[in-house]
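Let me begin by presenting the structure, written as structure tokens, before commenting on it.
Just so it is clear, none of the values below were taken in a lab; they were calculated from the coordinates. Here the structure is a predicted model, which means the values were calculated and not measured. All Cβ positions, glycine included, derive from the backbone under ideal geometry; neighbour counts span all protein chains shown.
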């Protein structure tokens, strides 16, 4: 029951934030990322009006895709990162196991597992 209350409260909070941020305070609809067109006070003669909001685009120079060497470097780099991450996770799990083992041995009263001399 507690989890259901928490879930309903979080959904209600999300709905309130959505309504406040998206539905209020917008007088006009603009294209995303563009300001409304403001009149320029001193336009030079012969100036053309800019495109309406939503029709402006950034011209990008024509580029070639990555070369085979760059693709292989990316692949090998990704593989190296995966191997290093696997080693880090394995080392962390081993360290956690050692700590848990020492805690259990200390709780049970064993002295470390070595054979004792008479």
Cα→Cβ-extended label distance, 7 Å offset, between residue 60 and residue 103, nm:
5.1
What FRET efficiency would be calculated for the residue pair residue 18, residue 85, taking the C-beta separation as r and a Förster radius of 25 Å, to the nearest 0.05?
0.10
